[in-house]
Amino acid sequence: MQQQARPLHRSSAANIQALQETFSDNASFVTRDLSCRTGPDRAAFAYLDVLVDEKLLHQNVIRKMNEDLELPYDQFDLKVLGSLYSAGKVEVIDDWSAVPEFLYQAGAVLFVDGHPCVYGILMPGYDTRSIGEPKIEVNVRGPRDSFIEDHDKNLSMIYRRLKTSDLKSLSYIIGTQSRTKVTLLYMEGKMDRELAAKLRRKLADFQCDVLLANTQIEELIQDSAYSPFPQIANTERPDRVVTSLSRGKAVILTDGTPIALIAPTTFFEMLHPSEDMYERFHFANFIRIIRTITLFISLFGPSLYIALTTFHLEMIPTPLMMAFLTSKAGIPFPTFVEALIMETAFEILREASLRLPKVVGQSVSIVGALIIGEAAVQSGIVSRPVVIVVAMTGISSFTIPSFGTALSIRLLRFPLMLLASYAGVLGMALGFLVLLLHLCSLHSIGVPYLNPISADGWKKTLQNYVRLPARLRNGTGSREPDYDKNIP
């Protein structure tokens, strides 16, 4: 039920007194009276000094207004408001509940006697981070700008690339205490109307006390909260956002967060970063093949080694089997415990490298891995093949473009190792079957997570992963179906 609007008083003194009661015990709340030399107070400013650029407000607005205070009463309002409008975009507010919210948005409000409304102007004075290069999604030939914590600047980077009226933008204020601005973007005519309506309803109904990051929104709109796989893509690149919008997806921007959410998304989109668009189709297809191979190595590498050396030695060539058995001699632990020790040590080093300062983080992780690996082998705790397998597995996980998907693979690696230690290749097969069934059951905002694998045949499915030359994509001949266009 919508709350009834509360009108403002015609007396500026009464409005300011009520506002002072709202911001009681708040040292940041400031009022500045515009005193007329020939009569009573007729106008006053109110703002939060920690959010507003006071120097700009005084120079461009208050000082200019004070020069006109000797005007006759009938010309005073017109001149004062004219000075305010010349300083920037002015918002007229006639609802009392909207005044504190406007102040929290780095605005200053002007109360004028006899006016049942206030005049607000935005003058943010806090510093924001400048636009820089992407830190996570780094590429070679693509654009170098990335999102920052400033919501308006993030929107400007999108509008600069998409100059069309089909781009729709809906704003929401989420958080009863944080009052965080959230924007939903989508292209009319490209995104399915039911999906857009579903996202609008979820954002409109979302309630919380404090919205700190868009991960809270991600947990709200995803279909399966217990799945380890991310069902909402995230990116820090404006060019990827524009590409997603043009392909019928929705984008969610949150104030204070340099990451945008993209929905719906599929599993295979996580394996195709925006860099593929800027490379020639030969190299892009080659990298996609390498990426698929490293995905399976990252998921099944340690478990396959455990299964072969524990239950299926006959499947290993004799010279290689002898090398494994020789290195295994004198090791007090079974292969599963060896792999578990090294995988845990590798995860600890990887987490430590993220938490340490950037100057020493990389060196500590590399030196620590070499020292721990060599010390473990020399002391007879683990064998050399296990160290090699774990190192190959860790390196392969770095090739997965999506950080959330890489985390899921790292997590699922341990139960697969456990299944391989109990049932060998059969346990791995059962684990892979359960994983595949889980992926088939997932949906992202109603879209199957394993799209575009469908009943259209293997040729149509293959075309969704192979990047064709630009002549076939955009010119004459058959058009390449993009892997993420198969949404309702």
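Across region 279-448 the C-alpha pair distances fall into 5 Å bins from zero in the proportions 1, 8, 14, 18, 19, 16, 12, 7, 4, 1, 0 percent.
Rg of the Cα atoms in region 99-169, relative to 2.2 N^0.38 Å, amounts to 1.61. Each peptide in 171-179, 405-413 gets a packing score, the mean of other Cβ atoms within 10 Å over its residues, and the list from highest to lowest is 405-413, 171-179.
Taking 0.36 nm per residue of separation and subtracting the Cα-Cα distance, what length does fully extending GLU188 through ILE293 add?
On the way: separation 105, 0.36 × 105 = 37.80 nm, distance 3.76 nm.
Between GLU188 and ILE293, full extension yields an extra 34.0 nm.
Note that region 135-236, at 20 °C in a medium of 1.002 mPa s, gets a Stokes-Einstein diffusion coefficient of 137 µm²/s from its Kirkwood radius over C-alpha pairs. A straight chain from GLU149 to GLN17 at 0.36 nm per residue would run longer than the Cα-Cα distance by 44.1 nm. When all alpha carbon pairs of region 191-281 are counted in 5 Å bins from zero, the resulting P(r) reads 2, 12, 23, 25, 21, 10, 4, 2, 1, 0 %. For region 234-343, the Kirkwood estimate of the hydrodynamic radius, built from every pair of different alpha carbons, is 18.0 Å.
Here, each number is a calculation from the coordinates, and none is a lab measurement. Model, not experiment: these values are computed from the prediction. Every residue, glycine as well, gets a Cβ built from its backbone with ideal geometry; the counts of neighbours run over all protein chains shown.
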